[in-house]
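Read-outs: derived from the displayed coordinates by stated rules, not from any lab. The shown structure was predicted, so the numbers you read here are calculated from the model rather than taken from an experiment. Don't worry about glycine lacking a Cβ; one is built from the backbone with ideal geometry, like all the others, and counts go over all protein chains shown.
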Amino acid sequence: MGKNKLARFAENLGFGHVVQPSFAELMNGGFALRGRWGVDFFKREAPLVLELGCGGGEYTVGLARLFPQRNFLGVDIKGARLWRGARTAKEEGLMNVGFLRTHVDHVLKCFAAQEVDEIWLTFSDPQIGKARKRLTSPLFLDRYKQILKPGGLIHLKTDSPVLYEYTLEQIEAHGLRVHERSAEVYAELLPRVSPEEQAVLSIRTYYERMWLAEGRTIHYLRFDLDEYKGHGQEAAA
Ligand SMILES: C[S@@+](CC[C@H](N)C(=O)[O-])C[C@H]1O[C@@H](n2cnc3c(N)ncnc32)[C@H](O)[C@@H]1O
């Protein structure tokens, strides 16, 4: 393992705002912060927004700057990546930012029923040929349905037409309500939304910058799961 990665792992351990549940914790009733993120981690009750597969946490940090009255938590399995966001949050003194190093598959072990207000999926892996693993597959929608409050929102920002179209198919199949959709964020969507929404949608992640430099088009979807009946694969612990 590179020296840089080791140094980042070590620094993560010293950050009070980066947590990593052990396998034993996850398997024995769930993470201690489950249901207690407001009181025990952020030290205040406020709407909780997750960025799943956050990488360097650009949305977590960017949204936290824009909305100091909400709590933001970036989730990723790669500690060396989320270190970037954790470091920035510390340098800027952002008290409404945290990072959780774990597999997205463990969301039910980490969040209680209706504990979450919004979920951002930023440039998630489109999992070509493995639809079940996509972060908008019914397997994951079932989980999000359990942890989201009624009316809770899911945001998908992606360069992948496959993931965008697949998510639209799920929305249609399950009769979900779409709050916003655009196959072209910068040319089509930004000119017609409020300045606040422009600021939100203009946050650029590491991967987004890369794809924009390659000339790719960015897609966006915002929907809720209120009408989602699920496919009943998994129940909260
Ligand atoms: C393509 S990157 C996007 C990162 C970041 N959102 C961005 O836009 O720059 C996908 C990220 O999802 C994370 N990831 C993929 N599968 C995951 C899983 N099952 N649990 C947690 N993180 C996962 C990867 O570690 C990676 O950081």
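Taken over segment 178-231, residues that are within 16 Å of the ligand (Cβ to nearest atom), part of a loop (DSSP other than H, G, I, E, B) and of a type outside the set (D, E, K, R) amount to 5. Looking across segment 67-79, just one residue is crowded, with 18+ Cβ neighbours inside 10 Å and away from the ligand (no atom under 15 Å from the Cβ), and that is Asn71.
Look through Leu135, Leu82, Leu121 and report the one residue that is within 9 Å of the ligand (Cβ to nearest atom), surrounded by 22 or more Cβ atoms within 10 Å (Cβ to Cβ) and assigned to a loop (DSSP other than H, G, I, E, B). Working first, answer last.
Working: Leu82 fails: assigned to a loop (DSSP other than H, G, I, E, B); Leu121 fails: assigned to a loop (DSSP other than H, G, I, E, B).
Step by step, each of Leu135, Leu82, Leu121 is checked, and only Leu135 is within 9 Å of the ligand (Cβ to nearest atom), surrounded by 22 or more Cβ atoms within 10 Å (Cβ to Cβ) and assigned to a loop (DSSP other than H, G, I, E, B).
Only one entry in Leu168, Leu163 is in a helix (DSSP H, G or I), away from the ligand (no atom under 15 Å from the Cβ) and either buried (at least 19 other Cβ atoms within 10 Å of the Cβ) or among the aromatic types (Phe, Trp, Tyr) (or both), namely Leu168.
No other residue among Ala112, Ala64 is over 19 Å from Thr158 (Cβ atoms), among the small types (Gly, Ala, Ser), crowded, with 20+ Cβ neighbours inside 10 Å and more than 9 Å from the ligand (Cβ to nearest atom) apart from Ala64. Taken over segment 85-104, residues that are more than 9 Å from the ligand (Cβ to nearest atom), assigned to a helix (DSSP H, G or I) and touching a helix residue (DSSP H, G or I) at 6+ places or on another chain (Cβ under 9 Å) amount to 6. Taken over segment 44-61, residues that are away from the ligand (no atom under 11 Å from the Cβ) and either touching a residue at least 12 places away in the same chain (Cβ under 8 Å) or within 16 Å of the chain's Cα centre (by Cα) (or both) amount to 7. Residues of segment 1-54 that are under 29 Å from Thr158 (Cβ atoms) and among the charged types (D, E, K, R): Lys5, Arg8, Arg34, Glu51. Taking the listed residues Arg177, Arg216, Arg181, the one that is of a type outside the set (A, V, I, L, M), within 20 Å of Asp117 (Cβ to Cβ) and touching a residue at least 24 places away in the same chain (Cβ under 8 Å) is Arg177, with no other qualifying. Of all residues in segment 14-43, those being within 16 Å of the ligand (Cβ to nearest atom) and of a type in the set (A, V, I, L, M) number 3.
Just to be sure before I move on: is Leu148 touching a residue at least 12 places away in the same chain (Cβ under 8 Å), away from the ligand (no atom under 16 Å from the Cβ) and in contact with a helix residue (DSSP H, G or I) (Cβ under 6 Å, 6 or more places away or on another chain) in the structure I sent? No: the conditions fail for Leu148.
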